[in-house]
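*Asks:* Here's a structure for you.
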Amino acid sequence: MNGMNDRPRQPRRPVAARHSTPSRPPPPGSESWRTPWVQMKYYSFHPCIFPAMIRAASPDAEPGQFVHVYDKDGQPFGQALYNPHARVPLRVLHHGTEPVGEEHLAALLDRALDLRLGLFTLPAITDSFRVVHSDGDGLSGLVVDKFADVLAVEVHSLGIFQRLPGWLPRLHARLGTKRTVVTVDSEVANIERIEPTARLSDDVTSVRIMEHGVRFEVNLKEGHKTGFFCDQRENRRRFAPLVKDARVLDLCCYTGGFAITAALRGGAKETVGVDLDEKAIAQARRNANLNQVSPAHSTWAHCDAFSFARQMQKNGEKFDAVVVDPPKFMASRDTAHEDRWRYEDLNGLAMSVARPGAVIVTCSCSGLLTPEDFEQIIHKAAHRLSRRLQIFDRTGAGPDHPVMSNCPESHYLKVIWGRVW
């Protein structure tokens with residue numbers, strides 16, 4: 001699903017020099033600029049500025065600092081968190097000619113909280129939701145999910161990490177949470193040169209949450225990303241009424257979200273959940289038990305989704321509803337062609353085991369894949385089987401995963417709803 005880094009964690013290795021932004025001489029006229037500063041080569045309102053887009057930085061610009069940003073003509077452009085060692089050395093958190101201070105970052109946190117607690121009143125619906133959605137909330141490099149009384153924090157930026165000790169009490173006070181788990185991917189920590197200097201995480205390994213009357217246990221230590229995919233919350237609820245008395249196949253089921261909701265809230269006759277992650281499948285079984293879903297009506301298979309679907313195809317098995325929710329296949333533009341084929345292959349297999357008229361819910365969490373391209377892939381998968389897909393809706397992540405206009409790729413989750421004929 002929303003598995004943007006679903007690879008196993010890797011041991012630290014020496015930082016490659018290519019991730020360091022080269023030092024260049026200050027441009028003429030920069031003597032009067034506010035320091036520390038970074039100058040861009042090109043105009044871009046995207047929050048993530050890569051090394052090739054940076055012209056120079058002042059000698060006093062240090063990793064993690066909130067720096068003044070100047071455009072290619074030497075005019076004030078905004079402010080950003082800077083780290084010359086990072087893949088994304090400049091994360092612009094403010095666009096404007098007038099400078100702002102560190103209090104602006106706290107204001108961005110409050111704005112994110114106001115959206116969830118004020119406009120959407122999410123605590124009245126669920127005890128688990130996304131609190132900060134990185135670029136979607138103007139806080140590039142920070143992801144925060146609320147799971148009951150725990151904040152699961154994922155960090156991709158040195159500057160963000162340095163400020164967490166001051167931000168966490170602010171978040172806990174407004175959300176009523178008490179415990180924290182902070183995660184930094186080992187590769188990110190290596191590149192960003194993040195060295196934990198304070199104990200930010202509490203001793204908590206799991207927590208139980210409630211979503212639309214369904215209980216889930218979230219593994220905060222070994223789960224993917226922050227441990228649970230809140231982005232599919234509304235889609236799980238919508239799927240349930242479509243599967244009464246149905247036989248449901250949930251491919252790449254992770255910890256059983258769609259399958260268990262289908263059984264408990266939708267009255268599905270039988271559910272089959274498949275995932276390659278053995279620990280996720282074990283968690284799915286525990287979640288099924290937690291909700292007293294009978295083992296006689298729910299099956300969990302630790303298996304590659306492609307292999308499982310091919311075996312079902314050979315066995316002549318058919319399902320009344322199929323969910324396809326794989327991890328991010330398209331991680332780079334360099335492998336886009338091969339990755340498109342993986343989406344087409346998996347969806348073709350899913351449709352091949354669907355009865356005529358079966359409901360199919362197929363997802364992509366690849367930010368590099370546009371909604372139009374994803375839909376084209378799904379059409380192609382159906383037509384290769386000489387079948388037709390009747391699409392009746394297109395959705396995405398819930399409203400707690402907003403998308404900023406200057407970062408359209410943060411519209412990563414695409415969900416197509418249809419029937420296979």
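The values are calculated or read from the model by the stated rules, or taken from the named source; none is laboratory data. Since this is a predicted model, take the numbers as computed values, not measurements. Quick reminder, even Gly has a Cβ in these numbers, built from the backbone with ideal geometry, and neighbours come from all protein chains shown.
*Asks:* Testing Phe129 on (1) at pLDDT below 95; (2) part of a strand (DSSP E or B); (3) of a type outside the set (Ser, Thr, Tyr), one condition comes back false. Which one is that?
*Replies:* It fails just one condition, (1).
*Asks:* Within the stretch 145-177, how many residues are without any contact (Cβ under 8 Å) to a residue 60 or more places away in the chain and within 20 Å of Phe216 (Cβ to Cβ)?
*Replies:* Number of matching residues: 5.
*Asks:* Among the helices (runs of 4 or more DSSP H) lying completely within the stretch 251-368, list those that include at least 3 residues that are at pLDDT 95 or above, closer than 20 Å to Glu222 by Cα and not hydroxyl-bearing (Ser, Thr, Tyr). Steps first, please.
*Replies:* On the way: elements: 257-266, 278-290, 305-315, 336-352.
Per the criteria, 278-290.
*Asks:* Same structure, new question: Among the numbered conditions (1) over 22 Å from Val92 (Cα atoms); (2) touching a helix residue (DSSP H, G or I) at 6+ places or on another chain (Cβ under 9 Å); (3) surrounded by 23 or more Cβ atoms within 10 Å (Cβ to Cβ), tell me where Val150 comes up short.
*Replies:* (2)
*Asks:* Let me ask you something else. Any idea how many residues of the stretch 225-250 are assigned to a loop (DSSP other than H, G, I, E, B) and under 21 Å from Val272 (Cα atoms)? Full working, then the answer.
*Replies:* If we filter the stretch 225-250 for residues that are assigned to a loop (DSSP other than H, G, I, E, B), which is where we start, we get 225-229, 243-246.
Going one step further and asking which of them are under 21 Å from Val272 (Cα atoms), we end up with 228-229, 243-246.
Qualifying residue count, the stretch 225-250: 6.
*Asks:* To continue, here is another question. Pull up the stretch 316-335, narrow it to residues that are acidic (Asp, Glu) and closer than 15 Å to Gly273 by Cβ, then point me to the one that is nearest to the chain's Cα centre (by Cα). Explain how you work it out, then say what you get.
*Replies:* Taking the stretch 316-335 first, the residues acidic (Asp, Glu) are 317, 320, 325, 334.
Adding the requirement that they be closer than 15 Å to Gly273 by Cβ leaves 317, 325.
Working: Glu317: 33, Asp325: 13 Å.
So the residue we want is Asp325.
*Asks:* Can you name the residue in the stretch 397-421 that is more than 22 Å from His46 (Cα to Cα) and not basic (Lys, Arg) and, of all such residues, is nearest to the chain's Cα centre (by Cα)?
*Replies:* Within the stretch 397-421, the subset more than 22 Å from His46 (Cα to Cα) is 398, 415-421.
Imposing the further condition that a residue be not basic (Lys, Arg) reduces the set to 398, 415-418, 420-421.
Numbers: Gly398: 12, Val415: 14, Ile416: 18, Trp417: 20, Gly418: 24, Val420: 28, Trp421: 32 Å.
Among those residues, the one meeting the criterion is Gly398.
*Asks:* Give me a count of the residues in the stretch 86-124 that are β-branched (Val, Ile, Thr) and in contact with a helix residue (DSSP H, G or I) (Cβ under 9 Å, 6 or more places away or on another chain). Spell out how you get there, then give the answer.
*Replies:* Keep residues of the stretch 86-124 that are β-branched (Val, Ile, Thr), which gives 88, 92, 97, 100, 121.
Still in the running and in contact with a helix residue (DSSP H, G or I) (Cβ under 9 Å, 6 or more places away or on another chain): 88, 100.
Residues in the stretch 86-124 being β-branched (Val, Ile, Thr) and in contact with a helix residue (DSSP H, G or I) (Cβ under 9 Å, 6 or more places away or on another chain): 2 in total.
Residues checked against (1) acidic (Asp, Glu); (2) surrounded by fewer than 20 Cβ atoms within 10 Å (Cβ to Cβ):
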site: Glu344; (1), (2): yes, yes
site: Arg355; (1), (2): no, yes
site: Thr362; (1), (2): no, no
site: Cys365; (1), (2): no, no
site: Pro408; (1), (2): no, yes
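*Asks:* If the Cβ limit is 6 Å and pairs must be 6+ apart or interchain, which residue in the stretch 51-77 that is polar (S, T, N, Q) pairs with which residue that is surrounded by fewer than 21 Cβ atoms within 10 Å (Cβ to Cβ) and not in a strand (DSSP E or B)?
*Replies:* Once the first residue is polar (S, T, N, Q) and sits in the stretch 51-77, its partners that are surrounded by fewer than 21 Cβ atoms within 10 Å (Cβ to Cβ) and not in a strand (DSSP E or B) give Ser58/Thr35; Ser58/Pro36; Gln65/Pro36.
*Asks:* For the stretch 369-421, enumerate the residues that are among the hydrophobic types (A, V, I, L, M, F, W, C) and either touching an Asp or Glu at 6+ places or on another chain (Cβ under 7 Å) or part of a helix (DSSP H, G or I) (or both). Let's see the steps before the verdict.
*Replies:* Within the stretch 369-421, the first condition is being among the hydrophobic types (A, V, I, L, M, F, W, C), and the residues that meet it are 369, 374, 377-378, 381-382, 385, 389, 391-392, 397, 403-404, 407, 413, 415-417, 420-421.
Residues satisfying the conditions are Phe374, Ile377, Ile378, Ala381, Ala382, Ala397, Met404, Cys407, Leu413, Ile416, Trp417.
*Asks:* Condition first: among the small types (Gly, Ala, Ser) and within 20 Å of Leu249 (Cα to Cα). Can you find one or more residues in the stretch 366-385 that meet it?
*Replies:* Kept after step one, since they are among the small types (Gly, Ala, Ser), are these residues of the stretch 366-385: 366-367, 381-382.
Subsequent filtering for residues that are within 20 Å of Leu249 (Cα to Cα) retains 381-382.
There is at least one residue in the stretch 366-385 that is among the small types (Gly, Ala, Ser) and within 20 Å of Leu249 (Cα to Cα).
*Asks:* Still on this structure, please answer the following. If a residue has to be out of contact with any Ser or Thr (no Cβ under 9 Å at 6 or more places or on another chain), under 20 Å from Ser140 (Cα atoms) and modelled with pLDDT of 85 or more to count, how many in the stretch 1-49 make the cut?
*Replies:* Count: 6.
*Asks:* Could you list, in sequence order, the residues of the stretch 261-286 that are in contact with a Gly (Cβ under 8 Å, 6 or more places away or on another chain) and crowded, with 24+ Cβ neighbours inside 10 Å?
*Replies:* Those that are in contact with a Gly (Cβ under 8 Å, 6 or more places away or on another chain) and crowded, with 24+ Cβ neighbours inside 10 Å: Gly273, Gln283, Ala284.
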